[in-house]
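Before any comments, here is the structure.
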Amino acid sequence: MSTKQIILIYLIAINVVTFFAYGIDKWKAKRSKWRISEATLLGMAVIGGSIGAWLGMRVWHHKTMHKKFQFGIPLIIVVQIALVIWIISKSYFQ
């Protein structure tokens with residue numbers, strides 16, 4: 001298995017896990033149960049689950065009013081896209 005395949009599998013997995021983490025946290029919030037911390041939810045976005053976090057916010061209607069999520073998740077996505085573009089451009093021109 002190539003490095004690119006491993007990275008792709010990782011990104012798919014972390015985004016699926018992050019998406020469901022937002023759903024689980026919403027479910028727990030409605031039932032006054034133990035919650036997933038905001039730091040964990042944001043951290044999952046930072047380590048590659050930003051698309052899953054954004055989709056989780058939209059689908060589950062969760063954390064949409066919190067400024068750090070409302071602006072933080074799109075910012076993380078933009079930074080990650082810029083990083084990918086930079087990495088691709090560096091490897092393309094070498």
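Below are the figures for this structure:
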read-out: Along the chain, longest interval not containing exposed chymotrypsin sites (Phe, Trp or Tyr not before Pro), exposed being DSSP loop plus at most 16 other Cβ atoms within 10 Å; value: 35-70
read-out: Solvent-accessible area per residue for the chain (1.4 angstrom probe, square angstrom); value: 71 Å²
read-out: Per-residue SASA entry for Lys28, accessible area with 1.4 Å probe, Å² rounded to 10; value: 40 Å²
read-out: For the chain, with +1 on Lys and Arg beta carbons and -1 on Asp and Glu, the positive-most of Gly23, Tyr10, Val46 along the dipole; value: Gly23
read-out: Fully extended contour minus Cα-Cα distance, from Glu38 to Val16, at 0.36 nm per residue; value: 6.2 nm
read-out: Theoretical FRET efficiency, 1/(1+(r/R0)^6), r = Cβ-Cβ of Arg58 and Ile7, R0 30 Å, to 0.05; value: 0.75
read-out: Protein accessible area in the chain, 1.4 Å probe - carbon and sulfur %; value: 74 percent
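The values are calculated or read from the model by the stated rules, or taken from the named source; none is laboratory data. All figures in this text were calculated on a predicted structure; none of them were measured in a lab. Ideal geometry is used to build each Cβ from the backbone, glycine not excepted, and the neighbour counts take in all protein chains shown. Ligands, DNA and RNA are stripped out before the accessible areas are found, and what is left, the full protein with its side chains, is counted by its heavy atoms. Shrake-Rupley method; radii C 1.70, N 1.55, O 1.52, S 1.80 Å.
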